[in-house]
Structure formats: C-alpha cells, structure tokens
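Derivation of every value follows stated rules applied to the coordinates shown; laboratory data play no part. Note that this is a predicted model, so its numbers are computed, not measured. A quick note on method: Cβ atoms are made from the backbone with ideal geometry, for glycine too, and the neighbour counts reach across all protein chains shown.
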Amino acid sequence: MGIAVEVKDLTKSFGSQLIWADVSLTIPAGEISVMLGPSGTGKSVFLKSLIGLLKPDSGSIVVNGTDIVECTERQLFDIRRLYGVLFQDGALFGSMTLYDNIAFPLREHTRKSESEIRTIVEEKMEMVGLSGATEKLPGEISGGMRKRAGLARALVLDPEIILVDEPDSGLDPVRTAYISQLFKDVNAATNATFLIVTHNIELARTVPDNIGMLYRKHLVTFGPREVLLNSDEPVVRQFLHGRTDGPIGMSEEADVEMPVDPKTGARDAHAHHEGRLRWPPSPRPPGCATPAGSSPSRST
C-alpha cells in the first residue's frame, strides 16, 4: 500500500539562484502523479528533494509521519527504505549483469539468502518483461530494456513510493507507450505511490491520476489530471499544445514571470489570462534580449 507525501512551503536555491519557492502539494497515496514543466524549472531538483538527496532551504516534506527536511540521518535512512527510484538513464552498473544489478539492493539492505534473492529478482524481472535476460550486461541491451531493468531494481525492496525521472528520455514513441503502460500495471499490482517527472505530453494525458506543473520558480497547479488537461491557464495550454505563442519563451530567460498578487503576496498564475500580463511582451530596444516582466536569472 502506497503512502502520501505531504509537501508544504518548500523553497530551494543554490547560492543566490532560486530554483523554486513556496511549493505546497500532497502526492496522494497509491496514485500516479506526474510533474510537468519547461526545461530548467527544477523538476529533477524537486524529485531529489523528496528523497533527501538535496536539502531544501525551508519548508517540510512529511513521509509516514516524518519530516525528512528536519529529521536525523538515521531517520532519513529508514525513510529511504520506503522509496524506489528509477533514474533517467537507468543508472545500472555497466560491469554487472542485469541479475546482479537488480539483486544489488537486496544484498546491500537485507539478510535474505541467495535463494530468496533469486526468487525476488526473477519475479520482478518477469513483472517488467525481462524474463530470460538475467545474464545480459547493460551495454548489450536497448535503452528501453535498461529502463525496465532500472524499474525492476527499484521494485525489489517493495517500495511504497516510486520516483521516476524522465522515463521517456532516449526512447521512441512505441517504447515510451510500453513503459507508460508498465507504470500503470505496476501501480495496479502494488498500489505504490508514483511521482513521474516528464516532458512527455502523451504520457501525461494517459498515465497519471494527478498532474502538477512547475513554471518560473513556482508550482502553477497540482490536482486531478482532467482539471489540468482542461485548464484555461495560458502557461498550461501553451505547454500541453507545444505552441510558441504564450508566456513560455525559447529559453528560461525569455519566460514571462507570473506577477505577485498585491493583496496576498502570492504568484498569480491567472494574470495573463485575465489580461494583466501582456503577451506578446512590450517591444524592447534593439539588443535587449530579456522580455518585459522577466528576470535575467536562470532556473536549474
């Protein structure tokens, strides 16, 4: 059974460079959630913060009753046992067979016998469609197979939360469709909580129960998939349809900043839609590369 992840007022920066601020959401237990956003909006940083690989400047991340931002190293170690992570490139050990790669967490973190480990590894490999590939090396298989091997390794400790970073990276549309369906099948079989970071709109339209979007250092929205897919928010519509007309520019420096509501101090994601944020931006003098209302800073 998956568990919820409660994020409140999370802020992260690297030195003077703000990545995102005041991010609050609850990733529902047992459901698949997707985080979208233009390149450079800190989606992978958010993912790493959720497992304690990066420490936020402020805010809280509560998992199973423990705030991993403020907890001890021992508590964080115990909480991490609830997670499985599928990294962008699979992160397999190149000199080890798929079997040994997938068995690695069991050998490191449990006292199971080799017989028990073999049973678990073969079960997870069958679950992801890799039966018969135990002796293959990562360099001998396709990118899609490496992703599935990485997913099998993420599953061997029966995690309650599974984090996935750009699962479609380097895959053709057909393999992306297969691994997208695999996430749904694994979720149905394990009831684990999923958070997937991706740019892939087709995956976002078909896989998750919930979708969020990061833009210009803030969480624009997070909620049920159909709400976001039918949103009239200009940033969301532009991103979903891949249009050049809208607040998202060619680079992060060209993105139009969401203004601050003078009454609440919060970023107003609907200002553009209501006509308070100009698009296209005001004409600028020759040689000036930054649109009006934007900042020259760069998100990571």
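Okay, here's what the table says:
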| quantity | calculated |
| --- | --- |
| Förster-model FRET efficiency, 41 Å R0, VAL227 and LEU53, C-beta, rounded to 0.05 | 0.85 |
| Rel. contact order, % - alpha carbon contacts under 8 angstrom, at least six apart, segment 5-229 | 29 |
| For GLY132, net neighbour charge (Lys/Arg +1, Asp/Glu -1) across residues whose Cβ lies under 12 Å away | -2 |
| For LEU155, net neighbour charge (Lys/Arg +1, Asp/Glu -1) across residues whose Cβ lies under 12 Å away | -2 |
| DSSP-loop trypsin sites (Lys or Arg not before Pro) across segment 1-105, with at most 15 other Cβ within 10 angstrom | ARG81 |
| DSSP-assigned coil residues among chymotrypsin sites (Phe, Trp or Tyr not before Pro) in segment 1-65, each with at most 11 further Cβ atoms within 10 Å | none |
| Segment ASP245-SER39, extension gain: residue separation times 0.36 nm, minus the distance between their alpha carbons | 72.5 nm |
| Percentage relative contact order, segment 102-171, counting C-alpha pairs under 8 Å, at least six apart | 42 |
| Linear extension gain, MET96 paired with SER169, 0.36 nm per residue minus alpha-carbon span | 24.0 nm |
| Euclidean distance between Cα centres, segment 95-128 to segment 1-48, Å | 30 |
| Sorted by Cβ density within 10 Å, fewest first, the residues SER16, SER95, SER49 | SER16, SER95, SER49 |
| Size-normalised alpha-carbon gyration radius of segment 5-229, reference 2.2 N^0.38 Å | 1.01 |
| Karplus (6.51, -1.76, 1.60) ³J(HN,Hα), θ = phi - 60°, over segment 218-226, in Hz, Gly and Pro reported as x | 9, 7, 6, 6, 8, x, x, 3, 5 |
| Globularity index of segment 1-82, i.e. its alpha-carbon radius of gyration over 2.2 N^0.38 Å | 1.07 |
| Added length on full extension, which subtracts the Cα-Cα distance from 0.36 nm per residue, ASN191 to ARG111 | 26.3 nm |
| Derived scalar couplings ³J(HN,Hα) [segment 52-60; Karplus, 6.51 cos²θ - 1.76 cosθ + 1.60; whole Hz; x for Gly, Pro] | x, 6, 10, 9, x, 6, 7, x, 9 |
| Neighbourhood net charge (11 Å Cβ-Cβ; Lys/Arg +1, Asp/Glu -1) for ASP67 | -1 |
| For segment 145-176 and segment 199-243, distance of Cα centres in Å | 21 |
